[in-house]
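Input: a single structure, listed below in structure tokens.
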Amino acid sequence: MTALLRHSAIYLLARGLPGAINFLAIAVYTRLLAPDEYGRYALVVAGVGLVNIVCFQWLNLSVLRFLPAYPTPTTLLASVKGMYYLLASVITLVVLVAAFTGVPTAWKGLTLLALVLLWAQTWFDLNLEITRTRLQPVRYGIGSGIRASTMIITGTLFLLRYPVAHAPLAGQVIGALAGGLLLASRQWFGVRARIDKPIIQQLVHYGMPLTGTFALSFVISSSDRFLLAYYLNEQAAGLYAAAYDVTAQILLVVMLVVNMAAYPLAVSSLEQQGVQAAQAQLSRNIWLLVAVAVPPAMILVLFAPQISLVLGSQFHRSASSIIPWIAVAIFLAGIRSYHFDLAFQLGKYTLGQLWVTGIAAATNIVLNVMWIPRWGITGAAWATLAAYAVALIASTVLGRKVFPVPVNWKGIMQVAAATLAMLVVCFVMPRPDNLVGSLLQVSTAIFAYFCCTLALLYMVRHRERIFMSNGIFARRNRRDQ
């Protein structure tokens, strides 16, 4: 538990600052961009994310899984580098042909800018995963911080001059290049690009099913933006994207922090000590994951109108109505992705994860097609929640057959008790009508939650020490007799 908490604290600093900057970027961009321009920006980011997931994510995941145990890391990285160059070249050719033949004139500039963003983003992500695999959270945090700060500074400066979707995208390109150059400065020393067929086959066998999984996960989280633009307009896509993104920046970041610290520890326990040690680590992981995710999730549900005020005036009314639904959906998605889905990765049966996500993606698309024309962005939020709930159930049921992932019910009951204390504080205190009062109420509720959590944790640890002491005394008495 000590190692988990220490790594989580470091990664909280490493991801917390970039997360706060990204949150600030959403607030700034929604004030400087009209909803339709923000919708175009969100659609480009979503498109780049889809290509990144389909074509490059399997490399990142394979590096994360195999680099720690690889006898000669340079050999693995050489093949990864060669494969990255090959994929980037093929995609560049395809995008250039599409940009000058089939893309509408109004989108040609955005398409070319998206290609440059794809280069910068994928190279940054690859170097970030290598840094994470080598357990270098400080370097990870510096690279992420440089990317995020450069992105918002340059993006805002461009927006003040040119209030169109191209401006924040250009900021993202510059930010990813700055962070990627820093992280890559020592990562690839002495590594020459090549493609070793046995290594690539190993990476493909492990990573490709996960690529399908992440692509389908992307369908759940982002296809609604394209469907909103199709059935309604780009403005609706922008309104929904702003609400979803601000919710994800608050909730998903804290869950991601725990996973970044916890997953390598689980893999290390499995490789070095066996299944039981990995299960013990996973039991600690789920307790911490739920404990840190519940407070922001509850705040998003209870204080959605106040939180939506961080967005531009054209966004916050629609955002306040869907943030609670999105918050619950993201909470369920995080529990599935960062705990129950690990059964497929640790059990090396990533095809099972593909089935889980495929069921959820199909649910999401069907419900979006049914509900968006009738209920608009609210229907999209409902469809996302339903899809993530289906995915969680499917992952729990199917994952048991691959690798038994434990559920720490005792720890979850502790979190439930602390959450009850938090809710009591929220409902006892008078509901404020200004931002300062809301911040005070939220801070008091979070303080009550963590005080209760720490008290319960201390009681459990104290009881365990008593039991251990009694066991030691009993064994000594038997020896004396």
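All of the numbers you see were taken from the coordinates with simple rules; none came from a lab. Quick caveat: nothing in here was measured; it's all calculated off a predicted structure. With ideal geometry, Cβ positions are generated from the backbone for all residues, glycine too; neighbour counts draw on all protein chains shown.
Structure notes:
- Vicinal HN-Hα couplings computed from phi for the stretch 357-370 (Karplus, 6.51 cos²θ - 1.76 cosθ + 1.60; Hz; Gly/Pro x): 5, x, 4, 5, 5, 4, 4, 4, 5, 4, 5, 4, 4, 7
- HN-Hα J in Hz across the stretch 412-419 - Karplus 6.51, -1.76, 1.60, θ = phi - 60°, x for Gly and Pro: 5, 5, 4, 5, 4, 5, 5, 5
- Overall, the anisotropy analysis places the stretch 126-239 in the oblate class: the square-rooted eigenvalues a ≥ b ≥ c of its C-alpha gyration tensor yield a/c not less than 1.5, with a/b not exceeding b/c.
- Residues 444, 111, 247 arranged by fewest to most Cβ contacts within 10 Å: 444, 111, 247
- ³J(HN,Hα), Karplus 6.51/-1.76/1.60, whole Hz, each residue of the stretch 326-338, x for Gly, Pro: 5, 4, 5, 4, 5, 4, 4, 5, x, 4, 5, 5, 9
- Between residue 309 and residue 160, the modelled labels are 2.6 nm apart [label points 7 Å from Cα along Cα→Cβ].
- Likely footprinting exposure, 85, 140, fewest C-beta neighbours within 10 Å first: 85, 140
- Spatial separation of Cα centroids for the stretch 194-269 and the stretch 72-144, in angstrom: 15
- Among the lysines of the chain, pairs at least eight places apart or on separate chains and with Cα atoms under 30 Å apart come to 7.
- Only Lys, Arg, Asp and Glu carry charge here, each on its Cβ (+1 for the first two, -1 for the last two); on that basis the chain has a dipole of about 1380 debye about its Cα centre.
- Length gained when the stretch residue 428-residue 185 is fully extended (0.36 nm per residue, less Cα-Cα span): 82.1 nm
- Here the stretch 22-61 is scanned for amide nitrogen atoms under 11 Å from the site 7 Å beyond the Cα of residue 233 along Cα-to-Cβ, giving 35-37.
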